[in-house]
Amino acid sequence: MTARRARAVAHPNIALVKYWGNANSELRIPSNGSISLTLDGLETDTLVVFRADLANDEVLVDEQRTSASTEARVGRVLDHVRGMAGIEAFARVESRNSFPSGAGLASSASAFAALAAAATAAAGLALEPEELSRVARLGSGSACRSIWGGYVEWLAGSDHAGSYSLQIAPAEHWDLRDVVAVMSRQAKAVGSSEGHDRARSSPLQPPRVADAPRRLAICRRAILARDFEALAAVVEQDSDLMHEVMATSSPPLNYSLPSTTALRQAVPAWRAEGLPVAYTQDAGPNLHLLCLPEAVGVVIERVRTFDGVVDTLHARPGGPPRQIEIPNRG
Ligand code: PMV
């Protein structure tokens, strides 16, 4: 029997309105909708081969065996794909990240978007992006948004069919840049799956979730109008709200280093001086500085010399996952 194989590349994304907390952790149905920007330059490249001779799924990330929990998440996506395609064979998955390994950047979004794209193609399925986003979501919530390029909204929904992503605008719509201030290369102590579970213990999570439609509407409008000031205000507020939920969860979560807090405090002052830059922070100590192209040079210079910053990365708006041709072995 010929092996069914496919290879796909996908990009990570940075959330402008964050996903934090699940209404259904099994299906990763989020408590609130979210909006993100897909990032170019950084990518995960994943090969999936369904083989009749395998006794179980095999998963390699950067040529290493992964943790049992990552294997289980990959298995969840593969089981779903097998069910959709009506196949039983196990798969070998080989995944590689192009971004500096251990840069402390979330790789689960690009990883599960690439896995969903490669696994469905290998299984002979040709899915619309909406359907592909549901498959990616089963592995990692934020991966649901990496199925599209540019500016993307994940509609929370309340069941598997209703929770998927849509494109608000393509990458070419607005040349927003993300300068990442890398503060630490260490893996985080508490992963986001655990963090999502803890969110429900914070008294600030219900008001954060209840207010999400307002923030989403402002963010959507700011993107469509390319209104940087409006975007900056909502992005910083949304990031702060998520970190306040983390700080008031039981037990509390704090992803910031002293340098993260210092830079977070400096950025609004830079904006008040006229520099078009805004911060946002995910579940880690690195700070993402969103800025307009004309500010990139100054932002990189200031960030590089900022105490505690160990590296900087610069990303442009990126595209959707793409298939990579696999040469025929003959
Ligand atoms: O997709 P996950 O489970 O890694 O969660 C991502 C959570 C944040 O990055 C903090 C926010 C987001 O919306 O991406």
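Listed values, structure above:
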quantity	calculated
Residue in the range 2-10 that is in a loop (DSSP other than H, G, I, E, B) and modelled with pLDDT of 95 or more present	no
Of residues in the range 185-200 being open to solvent by less than 50 Å² (accessible area, probe 1.4 Å) and in a helix (DSSP H, G or I), the one farthest from the ligand (Cβ to nearest atom)	198
All positions within the range 173-184 that are within 15 Å of the ligand (Cβ to nearest atom) and farther than 18 Å from residue 259 by Cα	178
Qualifying position, being in contact with a His (Cβ under 9 Å, 6 or more places away or on another chain), farther than 17 Å from residue 303 by Cα and among the hydroxyl-bearing types (Ser, Thr, Tyr), among 279, 255	255
Hey, residue 114 within 15 Å of residue 322 (Cα to Cα), away from the ligand (no atom under 16 Å from the Cβ) and either touching a residue at least 60 places away in the same chain (Cβ under 8 Å) or open to solvent by 30 Å² or more (accessible area, probe 1.4 Å) (or both) or not	no
Criterion violated by residue 23 - all others in (1) open to solvent by 50 Å² or more (accessible area, probe 1.4 Å); (2) within 16 Å of the ligand (Cβ to nearest atom); (3) assigned to a loop (DSSP other than H, G, I, E, B) satisfied	(3)
Residue list for the range 210-258, restricted to those being open to solvent by 50 Å² or more (accessible area, probe 1.4 Å) and charged (D, E, K, R)	214, 220, 221, 226, 227, 229, 240, 244
Single match in 88, 43 (criterion: open to solvent by 10 Å² or more (accessible area, probe 1.4 Å) and without any contact (Cβ under 8 Å) to a residue 60 or more places away in the chain)	88
Residues located in the range 259-317, provided they are open to solvent by 30 Å² or more (accessible area, probe 1.4 Å), in a helix (DSSP H, G or I) and either within 16 Å of the ligand (Cβ to nearest atom) or modelled with pLDDT under 95 (or both)	264
When residues of the range 141-180 are limited to those that are among the small types (Gly, Ala, Ser) and part of a helix (DSSP H, G or I), the one surrounded by the fewest Cβ atoms within 10 Å (Cβ to Cβ)	171
Any hit, the range 201-209, residues being in a helix (DSSP H, G or I), open to solvent by less than 20 Å² (accessible area, probe 1.4 Å) and under 22 Å from residue 233 (Cα atoms)	yes
Top-ranked residue in the range 30-44 [being of a type in the set (Val, Ile, Thr) and within 19 Å of residue 115 (Cα to Cα); ranked as farthest from the ligand (Cβ to nearest atom)]	44
Subset tally (residues that are part of a helix (DSSP H, G or I) and within 13 Å of the ligand (Cβ to nearest atom)) for the range 117-140	3
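The values are calculated or read from the model by the stated rules, or taken from the named source; none is laboratory data. The structure presented is a predicted model; accordingly, all values stated were derived computationally and were not measured. Note that we place each Cβ from the backbone using ideal geometry, even for glycine, and neighbour counts take in every protein chain shown. Just so you know, the surface numbers come from the protein's heavy atoms only, side chains and all, with ligands and any DNA or RNA stripped out. Shrake-Rupley method; radii C 1.70, N 1.55, O 1.52, S 1.80 Å.
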